[in-house]
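Have a look at the structure below, then the notes.
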Amino acid sequence: MEIKLIEKYFPNLNERQREQFQIMMDAYPEWNEKINVISRKDIDNLECNHLLHSLAIARFIKFTPGTKVMDLGCGGGLPGLPLAVMFPEVSFHLIDRTGKKIHVAQEIAKACGLENVTLQHGDVAECKELFDFVVSRAVMPQQDLIKLCRKNISGKQNNGLPNGLITLKGGDISAEMRGTPKGSEVVEISQYFAEPYFDTKKIAYSPIYK
């Protein structure tokens, strides 16, 4: 499988980044045969529905060098690993409670030669580090995620956007966004990417002030 869509929307990738995305395109199907981290019905849509979907965050915000990001509930490494390729000068800490999934993320990070990635098998409650942002392909309502990761958000600002939580969501999320902090916003991913898959996909952002 080639990385046609990623190159279409991110034409300024360097050769190393192209190689790393190509490694992901080859590695995820192989690992998925052993450990199911992506629906087997959906693995043929890996580039669009998983890698490019993760990279929607790179359209929403350009992390400044030195930024620290946690991927909460990273599963097999999404969205953290594609973002780590896109932002090699940003540190990414991937955490998940399922050991098998962390193992897949670890092996793919190693295959890609990603030196800006650390991984943790465990619960976010066990993580004491501070980060500028927490990202997640969210399976939990925004307010619940805010409660979980509030303690991990640094008060020091390094980016144009206030530190906080950035999640990838689908469908109508207006109800769950009520009561989120002032400055929260929802962005339609279809404004970044034209593929039909993104018609209902959204980025939800909530600042978390200390």
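Quick note: the coordinates plus some simple rules give every number you see, no bench work behind them. Bear in mind that the values here come from a model prediction, so they are computed numbers and not experimental data. Cβ coordinates were reconstructed from backbone atoms using ideal geometry, including for glycine residues, and neighbour counts include every protein chain displayed.
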Per-bin percent of Cα-Cα distances, the stretch 4-207 [10 Å]: 9, 37, 40, 14, 0
Among 142-153, 176-187, what's the highest-first ranking by average C-beta atoms within 10 angstrom per residue? 142-153, 176-187
Separation of the stretch 72-116 and the stretch 166-210 by C-alpha centroid, Å? 22
Based on alpha-carbon atoms only, what is the radius of gyration of the stretch 34-73 relative to the globular estimate 2.2 N^0.38 Å? 1.49
Computed helical MRE - 222 nm, the chain, DSSP H runs ≥ 4 contributing -39500 (n - 2.57), nearest 500: -9000 deg cm²/dmol
Which angle between 0 and 90 degrees, to the nearest 10, do you get for helix 99-112 versus the longest principal axis of the chain when only C-alpha atoms count? 60
Determine the percent antiparallel among the DSSP beta bridges restricted to the chain, to the nearest 5. 35
Taking 24 Å as the cut-off for C-alpha to C-alpha distance, list the pairs among Lys147/Lys210; Lys156/Lys202; Lys110/Lys169; Lys8/Lys100 that go past it. Lys156/Lys202; Lys110/Lys169; Lys8/Lys100
